[in-house]
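The values are calculated or read from the model by the stated rules, or taken from the named source; none is laboratory data. Just so you know, these numbers come straight off a predicted model, no measurement behind them. Cβ placement follows ideal geometry from the backbone for every residue including glycine, while neighbour counts extend to all protein chains displayed.
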Amino acid sequence: MTITKDGLQYLMSLKELETVEIDGLEYQTKTLYRVPEVSPEPFTTKSLLSIVELINKEHEHNRLNDLIIHVVGPELVEVHSCLRDDLGRFLLYVAKAEIPAQKLGMYTDLEDMIIRLKSTFVESEARDALVKLLGGVVEEAVKTSTDDGITQTVTAKTGIATVSKVTINPIVELAPYRTFIEVDQPEGEFLLRLQNGPKAALFEADGGAWRMQARKNIKSYFEDKLADLILLDKLIVTE
């Protein structure tokens, strides 16, 4: 490709930087932009353990010495670099928990409810007692004559051929799987409701307080697994 004289003069003019004054204000004829620093592609994983392994393996990189673990929520953790010279941060790692789908607040048949209690809730005395109660409810109808919006009376089997009226507890403490498997699943209060069908539903009754406990459990996990880096002021864990 041949460059003409006019083309060469134009290219040379691009290098010139002039300052002009208009109405007492100074302006430059060229705008300077900072060349952005190359940023790493965030690495996405599904567990807290993988975040620990990645940090232990890569924290000695000369640009990644100081890190921040941000526990965004029960299902999400992000790892950022500390402030760089341009006041920016790198997003380095992301962990997204794989948790079973819950149908809270939805009425389902008792068999489906029992299956979900056994497969998506942590084993406990309260869970097993609820499974036993639901397994004994007579299928013809759910008695709600004493329903005051909180407690209910149901007809349940008490033996091979006998039935009796049972008053269910309005609030049940259960721990669904709803955060990373490496930490304790936070318990929460649930309101159990039954209706004809028979069908049952669980409604959250703790105002979402379990979310705060889940974040604290995740933070404690990292503080234990990465204690050496925290002591060396190379790592911050925050909610």
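Observations, loosely collected:
- Only one of the numbered conditions (1) surrounded by fewer than 15 Cβ atoms within 10 Å (Cβ to Cβ); (2) not in a helix (DSSP H, G or I) is violated by Lys216, and that is (2).
- With respect to being modelled with pLDDT under 90, within 30 Å of Ile171 (Cβ to Cβ) and among the acidic types (Asp, Glu), Asp109 fits the description.
- Against the numbered list (1) of a type outside the set (Ser, Thr, Tyr); (2) at pLDDT 90 or above; (3) in contact with a Ser or Thr (Cβ under 6 Å, 6 or more places away or on another chain), Glu189 comes up short only at (3).
- Restricting attention to the stretch 113-152, the residues that are within 37 Å of the chain's Cα centre (by Cα), at pLDDT below 90 and not aliphatic (A, V, I, L, M) add up to 8.
- Residue match in the stretch 26-40 (condition: closer than 22 Å to Val237 by Cα and at pLDDT 90 or above): no
- Across the stretch 219-234, the number of residues qualifying as over 19 Å from the mean Cα position of the chain (by Cα), surrounded by 13 or more Cβ atoms within 10 Å (Cβ to Cβ) and assigned to a helix (DSSP H, G or I) comes to 3.
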